[in-house]
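One structure follows; several queries about it will come next.
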Amino acid sequence: PARAIACAQALLEAAQELGIELRAGVHTGECEVLGDDVGGIAVHIGARVSAQAQPGQTLVSQTVVDLVVGSGLQFSDLGAHELKGVPGSWRLYAVTADAGDPAEQIEPASEYMTGADRLAVRLARRAPGAMQAIGRLAQRGSG
């Protein structure tokens, strides 16, 4: 979740440089793979958390706050909120501007990765190039 927050913050900053205001919401939980998409209650909650954010703001659920304890991230408690289509009341938090760079405050995941994890990361890093090569081959074959 801390890396998701860092990603959200980076996206907000990059978009702002382009004159675009985004809002971000982070929640974590079980997701369902639905063909080429993902779904499930965790995805729904994440979307509803995002909908509560103001432009340029990243909000997170209590679940995320609990999981990033010790990361150095800081939050402002916004209280309990009703999320459309989600049962119960959800405590939301805003990521504060002085949260720092969580990538520097969190130990690299590679220290905890198994051999299979490292292989998956290597394949994922190569996937864009491989997909481009496949696309070029497909274009040649259809021409």
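The values are calculated or read from the model by the stated rules, or taken from the named source; none is laboratory data. Keep in mind the model is a prediction, meaning the values are calculated, not measured. Heads up, the Cβs are rebuilt from the backbone with ideal geometry, glycines too, and the neighbour counts pull from every protein chain shown. The protein model used for the area step is the full one, side chains on, heavy atoms only, and it has no ligands, DNA or RNA in it. Shrake-Rupley method; radii C 1.70, N 1.55, O 1.52, S 1.80 Å.
Could you provide, to the nearest whole Å², the per residue accessible area of the range 12-74 with probe 1.4 Å? Intermediate values should be presented prior to the final figure.
Details: 3770 Å² over 63 residues.
Per-residue accessible area for the range 12-74 comes out at 60 Å².
Grab the beta carbon distance between T96 and C31, set R0 = 35 Å, and tell me the FRET efficiency rounded to 0.05.
Values: r = 27 Å, r/R0 = 0.78.
Given R0 = 35 Å and the Cβ-Cβ separation, E is 0.80.
For D66 paired with E82, estimate the spin-label separation in nm (one decimal), with each label point 7 Å from Cα along the Cα-to-Cβ line.
With each label placed 7 Å out from Cα toward Cβ, I get 2.3 nm.
Let me ask something else about it. Say R0 is 35 Å: what FRET efficiency, to the nearest 0.05, do A15 and T114 get from their beta-carbon distance?
On the way: r = 35 Å, r/R0 = 1.00.
With R0 = 35 Å, the Cβ-Cβ based efficiency is 0.50.
Moving on. Near the amide H of Q57, under 5 Å away, which other amide H atoms are found, from residues 5 or more places off or on another chain, if H is placed in the peptide plane?
A24
Given H placed on each backbone N at 1.01 Å, which residues far from F75 in sequence or on other chains put an amide H within less than 5 Å of it?
T96
Something else now. Can you list the residues, at least 5 places off or on another chain, whose amide H is less than 5 Å from the amide H of R91, using H built in the peptide plane?
Under 5 Å from the amide H of R91 lie the amide H atoms of Q62, H81, each far enough along the sequence or on another chain.
In the range 6-96, what trypsin sites (Lys or Arg not before Pro) fall in a loop by DSSP, with at most 14 other Cβ atoms inside 10 Å?
Working: sites: R23, R48, K84, R91; in loops: R23, K84.
Taking the range 6-96 and a limit of 14 other Cβ atoms within 10 Å, the loop trypsin sites (Lys or Arg not before Pro) found are K84.
Using each residue's phi in the range 32-47, evaluate 6.51 cos²θ - 1.76 cosθ + 1.60 at θ = phi - 60° and report the 3J(HN,Hα) Karplus result to the nearest Hz, with x for Gly and Pro.
Taking θ as phi minus 60°, the curve returns 10, 8, 10, x, 8, 10, 10, x, x, 5, 5, 5, 4, 5, x, 5 Hz for the range 32-47.
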